[in-house]
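Heads up: the structure comes next, in structure tokens.
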Amino acid sequence: MTTTPDDRRARERAHVPPEEPVIVRLMVHVPPRFRVGGHAAAGGRVLLLFSGAVVVIGALFLGASAHELRVLAGTSAAMLVAVGLSLLVRWRPHSWATLVFPVTVLAGLAVLGLTTHLAAAFVGLIPLCFVYVGLFHPGRAALAVVPVAWAAYASIVTVLDGRTAVRLVIYGVTWWATAQILALTTAYQRDQYRRMRTDARTDALTSLANRRDLDDRLGRAVPGDCIVICDLDHFKRVNDTHGHPFGDLVLEKFGHAIDQHLRRRDYAARYGGEEFVLILSRTETVQAMNILRALRTEWAEEGTGVTFSAGIALVTADTPPGSALAAADIAMYRAKQAGRDRFRIATAALDSRRPTTPRPEVPTGC
């Protein structure tokens with residue numbers, strides 16, 4: 001099946017978790033102990049602690065009776081216990097299980113409504129629960145919380161009649177809309193951040209990764225990965241003879257050929273100018289040579305008349321990615337010295353050289 005550069009870019013970046021919007025990233029200010037389980041769990045604990053604090057502070061100014069004080073204190077204590085228990089749970093990222101936090105707050109309001117006459121003072125906590133849902137969950141998650149909020153509100157009101165039913169419907173729609181708007185805004189911010197990050201790490205001409213992204217990807221290379229540097233032969237002559245627009249077209253086509261040819265687990269970036277770096281995951285140097293031969297055959301079918309040379313080096317325990325890249329660079333220039341349109345595997349001596357090893361001399365217009 002034919003894939004486009006955008007498809008591969010999406011696959012390569014699929015491992016990157018969605019970036020959180022600004023308001024959610026404020027969770028970094030929460031003490032580390034309370035951030036266990038991810039942002040949604042941390043936000044849920046903040047919701048419980050805030051709600052419990054509101055209940056305690058409210059009790060001081062509402063002229064509560066002894067019975068009501070016990071209920072208010074018990075409700076706050078229950079929320080605090082829920083926070084403690086949440087620290088023991090292994091929360092899965094982006095799990096709907098964290099809806100238990102707003103549900104716990106709503107359950108506490110229901111208890112206050114059924115046992116005291118002070119619950120109406122805390123009705124403002126209901127929309128706050130939907131703010132939490134909108135920030136940390138898809139908008140549709142609010143539909144699961146609305147019935148619980150209705151029950152909490154119904155326990156607070158003193159008279160259940162037709163007007164109360166109308167208010168419940170209006171409030172339910174408003175609560176759902178609040179969560180939906182926040183969820184859409186959050187999703188939009190994540191998408192915009194992801195787009196900007198992708199654009200900042202993508203070469204505009206070839207749609208492959210750029211040097212910035214390559215630097216990060218090299219840091220994740222492990223022993224057993226193969227690093228390849230490809231360089232188009234006589235590319236300066238191509239620009240001088242046919243002009244830079246044609247040279248750009250050659251680069252674009254070569255990038256596309258690489259993108260189409262590599263396996264799903266492989267990685268490609270434009271290193272600079274006419275140089276490209278491939279990171280072939282879990283690949284021996286002989287396998288890399290076969291991949292390059294197949295790429296050369298496919299590239300020849302493009303009809304540009306431009307060949308390429310390549311150097312290959314293996315990442316090992318003794319040859320970190322930076323050294324392997326330098327070794328592949330030297331091997332690539334040795335391939336050019338040998339006549340171009342060929343590939344060379346870095347020797348052990350080359351692999352052991354530091355990344356600062358100078359390149360062999362190659363005639364101008366390589």
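The values are calculated or read from the model by the stated rules, or taken from the named source; none is laboratory data. No experiment lies behind these values; they were computed from the predicted model shown. For neighbour counting, all protein chains shown are included, and Cβ atoms are generated from backbone atoms with ideal geometry for every residue, glycine included.
Using beta carbons and a limit of 7 Å, which pairs, at least six apart or on different chains, have the first residue in segment 177-204 and farther than 23 Å from GLY273 by Cα and not assigned by the TED database to the domain that holds VAL131 and the second one outside any helix (DSSP H, G or I) and basic (Lys, Arg)?
Final answer for the pair search is none.
Here's a check for you: in segment 69-103, which residue that is modelled with pLDDT of 90 or more and farther than 18 Å from VAL46 by Cβ is surrounded by the most Cβ atoms within 10 Å (Cβ to Cβ)?
Ranking the qualifying residues of segment 69-103, first place goes to LEU72.
Being surrounded by fewer than 19 Cβ atoms within 10 Å (Cβ to Cβ) and under 39 Å from the mean Cα position of the chain (by Cα) is the filter here, so list the residues in segment 147-171 that pass it.
Hits for segment 147-171 are PRO147, TRP150, ALA151, LEU168, VAL169, ILE170, TYR171.
For segment 220-239, indicate whether the set of residues that are surrounded by fewer than 22 Cβ atoms within 10 Å (Cβ to Cβ), hydrophobic (A, V, I, L, M, F, W, C), outside the structural domain of ARG340 (by the TED database) and touching a residue at least 40 places away in the same chain (Cβ under 8 Å) is non-empty.
Looking through segment 220-239, none of the residues is surrounded by fewer than 22 Cβ atoms within 10 Å (Cβ to Cβ), hydrophobic (A, V, I, L, M, F, W, C), outside the structural domain of ARG340 (by the TED database) and touching a residue at least 40 places away in the same chain (Cβ under 8 Å).
Within segment 62-112, how many residues turn out to be without any contact (Cβ under 8 Å) to a residue 40 or more places away in the chain, in contact with a helix residue (DSSP H, G or I) (Cβ under 9 Å, 6 or more places away or on another chain) and of a type in the set (S, T, N, Q)?
Count: 2.
Please give the number of the condition GLY305 fails out of (1) out of contact with any Phe, Trp or Tyr (no Cβ under 7 Å at 6 or more places or on another chain); (2) outside any loop (DSSP other than H, G, I, E, B).
(2)
Would you pick out the residues in segment 260-280 that are among the hydroxyl-bearing types (Ser, Thr, Tyr) and at pLDDT 95 or above?
TYR267
Does ALA141 qualify as being in the same structural domain as VAL46 (by the TED database), closer than 22 Å to VAL169 by Cα, out of contact with any helix residue (DSSP H, G or I) (no Cβ under 7 Å at 6 or more places or on another chain) and among the aliphatic types (A, V, I, L, M)?
So ALA141 fails the test.
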